[in-house]
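One structure is given here, and the rest of the page talks about it.
The values are calculated or read from the model by the stated rules, or taken from the named source; none is laboratory data. Everything quoted here is computed from the prediction, not taken from an experiment. All Cβ positions, glycine included, derive from the backbone under ideal geometry; neighbour counts span all protein chains shown. SASA here: full protein model, heavy atoms, side chains in, ligands and nucleic acids out. Shrake-Rupley method; radii C 1.70, N 1.55, O 1.52, S 1.80 Å.
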Amino acid sequence: MTPQDLQLTRRLQLAGGLISVGLLVEAASLYVLKALSFLAFAGIGGGLVAAGVGVFLYSVASEPPA
Amino acid sequence: MPSIEQGFAAFVLVIIALIAAIARRAGPFHARGGKALAFAAFFLLPICATVSGLAVHVEHSKSTEFCLSCHIMEKYGTSLHLDDQGHLAAAHFQNGRIDREQACFTCHTTYTMFGDYKAKLKGLKHIYVNYLGHAPAKIKLYEAFQNRECLHCHGGARSFESQSDHQDIRGELTSNKTSCLECHSPVHDIDHQAGAKLWQEPKP
């Protein structure tokens, strides 16, 4: 595995972790019928998913051309 | 039949499994079609899931339980259970004239083309004010209650149209010149609830 591959793997793992935790928060928030659960969905879940998607796009954009 | 929440949870688990398979090592990313698969797993599907979840939350926001989850709305919730049929909101709630699961939304949305969306945007503002801003000591409607909201259900109903009091001022009611609430009040009497007898909703 080249250093570039290793770096890409780490970034994908970070992005995947953020997205996964964000989606789990979103899924959990749907089981609670309270205004606070909407805040958790949008603020925490949505924020983590957005951050993960951002890391993913950065890792793809910063990958050196083949 | 699985609920929409269970469907969402299953969708999330599929996405996470896909992400885990790709993120474990970068190999699949470089394989043929790997980038497209990664784009779907890390971008398209999470965004689809978030938008779907948002739609479910927006639907949840119609529920009475959702509205009354803010401490500031507790007295309004209590007013629905006052054991006095003279109270408009209580009479509607207890007699099943409105869906008890969506009691607040049924009367406080606006029955216009974009009324639902406007009501939900106002709801977003209420959440912001309640948790991140400063809620006013006394809650007021944004504008005077419109008869349109009452007539959405009562207009055309025999019990409403056949009453001579209504017939005499039917035009004024439609044009909002005379408010329904001039005769049908109190609505939410939150200042005189101390010690009031409350109606217990029968359990199914």
Look through the range B:14-66, keep the residues that are among the small types (G, A, S), touching a helix residue (DSSP H, G or I) at 6+ places or on another chain (Cβ under 7 Å) and within 30 Å of B:T110 (Cβ to Cβ), and return whichever of them is modelled with the lowest pLDDT.
B:S61
Look at B:A103 and say whether it is in contact with a Ser or Thr (Cβ under 7 Å, 6 or more places away or on another chain), surrounded by 19 or more Cβ atoms within 10 Å (Cβ to Cβ), in contact (Cβ under 8 Å) with a residue 60 or more places away in the chain and part of a helix (DSSP H, G or I).
no
Considering the range B:75-91 alone, what residues qualify as being among the polar types (S, T, N, Q) and either more than 18 Å from B:H184 (Cβ to Cβ) or touching a residue at least 12 places away in the same chain (Cβ under 8 Å) (or both)?
B:T78, B:S79
Go through the range B:73-91 and count every residue that is assigned to a loop (DSSP other than H, G, I, E, B), open to solvent by 40 Å² or more (accessible area, probe 1.4 Å) and within 27 Å of A:L36 (Cα to Cα).
1
Only unsatisfied item for A:A35, checking (1) open to solvent by less than 30 Å² (accessible area, probe 1.4 Å); (2) of a type in the set (G, A, S); (3) modelled with pLDDT of 90 or more, is (3)
Conditions: (1) within 13 Å of another protein chain (Cβ to nearest Cβ); (2) closer than 30 Å to B:E182 by Cβ. B:Q94 meets all but one. Number of the miss?
(1)
